[in-house]
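Undergrad: Take this structure, written in structure tokens, and hold onto it; I'll ask about it next.
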Amino acid sequence: MASPATETELKFRLGPGAVVRLSGHPALQGPQTTQSLRSVYFDTPDGVLRAAGCSLRVRTTPDGFVQTLKRQTAPGQTARDEWEVPVASEALDLVALKATPAHWLLKGRRRDLSPRFASTVVRRIRMVEWDGARIEVAFDAGELSAGEKREPIYELELELKAGDPAALFALARRLARDLAIVPVFESKSERGWRLASGDSRKPRAAAPTPLSPEATTGEAFRLISMACLAQVSANAELLRVVRRPEAVHQMRVGLRRLRAAVGVFKPLLAAPERQRIETELKWLARESDAARDLDVFIRDVFHPTALEASSPGLAALGRHLLTARGQAYDRVLTAISSPRYALLMLETTAWIETAALPDAPVAPFAAEALTRLHHQVETRARDLSDLDAEARHHLRIRTKRLRYAAEFFADLFPARRRRARYLKALERLQDRLGALNDLAVARDRIPGEAHLDDPEVAFSAGRVIGRRERDEAALLTAAVKVWGRFHDARPFWIGRKSRQKRS
């Protein structure tokens, strides 16, 4: 198989008028060429290539046809492997695929490949010299198409052609100081797939981040962290289009997973920059707290109560809650539309991609980190039945960190059955602690977040919360039971050799 080229690029969503403003930016001056490009993307009906992180296209250019396979092992990566070859027409050259990973991915199914969607763009290209690096600056304007479905494309791409990747981020920072350009991590091929499948408005859950047995701590940190950041970005972009509770939830999950990843690798990361990034991630999480709290309260507390017994007070409370939730969503949208958010995404990307971590195997480090986190949960949960709400909240946070870390590093350890049992027990413990925390949030935060100033509305809210609090004893009993099962689950990274050690 031919060795791939490596493509390193940053992609930015552009708003109205941004192309004109960027075209005149002093950092981007130079000769410009314009191309009309049409790309047809191929895959099997069940998306074999997509499932493996690959995209296959044939692009029509002014100089002819080019067939390209790109491979991305996890969402959010700025560097991707690329196999490119000239071909005779817009049709696939199946023989050329033999020199790429598509050959073994398809396993005799090459003739099942067919066009799935296409992109048509006008690309304006400039070559820029910046900090000793050569960078291609491309403005894309056009659309994706899948049958009768259409989606516009307005993007800026900065691709490193030669030099240090740090120069790529330096140029991006220079542009971001003058224009709030927002990094995005979803490729045209992934957007096209979602358009074709009707998933354009589907919130994005966490994606797997399989680690190679040969992975170093630096490679693992970048792979895991960029996948988390991509989840944050995808759901923030969706919220710009539609207000969906699950999008807020998944954006917050991405933030929590990213903060957990930073916490796991904390001993290897320089403190000043890490602390600055953590501060900004906490800011974005706080800006979405009220929206998520009100979503959960309306769904899990108010709606069940209203279905059991309606009253004029409940109707007034319902209207008040919807108004408060609308205001909370306004706050989220203000945050993700701000220059602070745009800078957060850019600086976090730059930090992740350029952080200096030891060039050491990740498996031993992962085992030590998981042991430490497991011990923290064990220690805090021993007296679960006697913990107050605040202590249970801290235990819940530790449980989440352990679960995320266990998911990050799962592939490094071969004990699949023990791993499945452990993760299932950990997930159930997190769920039970989450239900208890929702009660505490309803009692302590909802009155302030929902602005319950009207006495009648506040009284109705108190009755609703009081009905829900009657479940607390049962929820605590269930949590203690699940804790016992988790306590009996053997850590899957202990007692067996990791793949890293066996290789």
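Undergrad: Can you spot a residue in the range 143-153 that is under 16 Å from residue 28 (Cα atoms) and surrounded by fewer than 19 Cβ atoms within 10 Å (Cβ to Cβ)?
TA: No, because not a single residue in the range 143-153 is under 16 Å from residue 28 (Cα atoms) and surrounded by fewer than 19 Cβ atoms within 10 Å (Cβ to Cβ).
Undergrad: In the list 307, 346, which residue meets the criterion of being without any contact (Cβ under 8 Å) to a residue 40 or more places away in the chain, assigned to a helix (DSSP H, G or I) and hydrophobic (A, V, I, L, M, F, W, C)?
TA: 307
Undergrad: If you don't mind, there's one more thing I want to ask. Can you give me the number of residues within the range 286-304 that are within 30 Å of residue 182 (Cα to Cα) and in contact (Cβ under 8 Å) with a residue 60 or more places away in the chain?
TA: 5
Undergrad: Pull out all pairs, ordered by first then second residue, where Cβ-Cβ is under 9 Å, the residues are six or more apart or on different chains, the first lies in the range 364-387 and is closer than 25 Å to residue 220 by Cβ and in contact (Cβ under 8 Å) with a residue 60 or more places away in the chain, and the second is open to solvent by 40 Å² or more (accessible area, probe 1.4 Å) and among the β-branched types (Val, Ile, Thr).
TA: Short answer, once both residue conditions are applied: 367/494; 370/494; 371/494; 374/494.
Undergrad: If only one of 392, 398, 417 is closer than 25 Å to residue 253 by Cα, without any contact (Cβ under 8 Å) to a residue 40 or more places away in the chain, among the basic types (Lys, Arg) and not in a loop (DSSP other than H, G, I, E, B), which one is it?
TA: 398
Undergrad: Could you please find all residues in the range 287-313 being aliphatic (A, V, I, L, M), over 22 Å from the mean Cα position of the chain (by Cα) and crowded, with 19+ Cβ neighbours inside 10 Å?
TA: The answer is 294, 298, 301.
Undergrad: Here's something else I'd like to know. Residue 138 passes all but one of (1) among the small types (Gly, Ala, Ser); (2) free of Cβ contacts under 8 Å to residues at least 40 places away in the same chain; (3) open to solvent by 20 Å² or more (accessible area, probe 1.4 Å); which number fails?
TA: (3)
Undergrad: Another one. Which members of the range 235-252 meet the condition of being touching a helix residue (DSSP H, G or I) at 6+ places or on another chain (Cβ under 8 Å) and either open to solvent by less than 20 Å² (accessible area, probe 1.4 Å) or in contact (Cβ under 8 Å) with a residue 60 or more places away in the chain (or both)?
TA: 235, 236, 238, 239, 240, 243, 247, 248, 251
Undergrad: Could you tell me whether the range 163-185 includes any residue that is within 18 Å of the chain's Cα centre (by Cα), modelled with pLDDT of 90 or more and assigned to a loop (DSSP other than H, G, I, E, B)?
TA: Yes, that holds for at least one residue.
Undergrad: I would also like to ask the following. Looking at residue 453 and the list (1) surrounded by 14 or more Cβ atoms within 10 Å (Cβ to Cβ); (2) not in a helix (DSSP H, G or I), which single condition is not satisfied?
TA: Unmet condition: (1).
Undergrad: Related question: Where the second residue is of a type in the set (Lys, Arg) and the first is in a loop (DSSP other than H, G, I, E, B) and lies in the range 87-113, which pairs have Cβ atoms under 7 Å and are six or more apart or on separate chains?
TA: Correct list of pairs: 94/110; 101/71.
Undergrad: Conditions: (1) over 30 Å from residue 17 (Cβ atoms); (2) under 10 Å from the mean Cα position of the chain (by Cα); (3) modelled with pLDDT of 90 or more. Residue 218 meets all but one. Number of the miss?
TA: (2)
Undergrad: Another one. Within the range 331-343, track down each residue that is within 16 Å of residue 238 (Cα to Cα), in a helix (DSSP H, G or I) and open to solvent by 10 Å² or more (accessible area, probe 1.4 Å).
TA: Once the filter is applied, which keeps residues that are within 16 Å of residue 238 (Cα to Cα), in a helix (DSSP H, G or I) and open to solvent by 10 Å² or more (accessible area, probe 1.4 Å), the range 331-343 yields 331, 333, 334.
Undergrad: Still on this structure, I have one more. If you take the residues of the range 401-435 that are open to solvent by 20 Å² or more (accessible area, probe 1.4 Å) and farther than 23 Å from residue 478 by Cα, which of them is modelled with the highest pLDDT?
TA: Residue satisfying both the conditions and the ranking: 407.
The values are calculated or read from the model by the stated rules, or taken from the named source; none is laboratory data. Computed from a prediction, not measured in an experiment: that's the story for all the values here. In this analysis, Cβ positions are derived from the backbone assuming ideal geometry, glycine residues included, and neighbour counts consider all displayed protein chains. The area values use the complete protein model at the heavy-atom level, side chains included, leaving out ligands, DNA and RNA. Shrake-Rupley method; radii C 1.70, N 1.55, O 1.52, S 1.80 Å.
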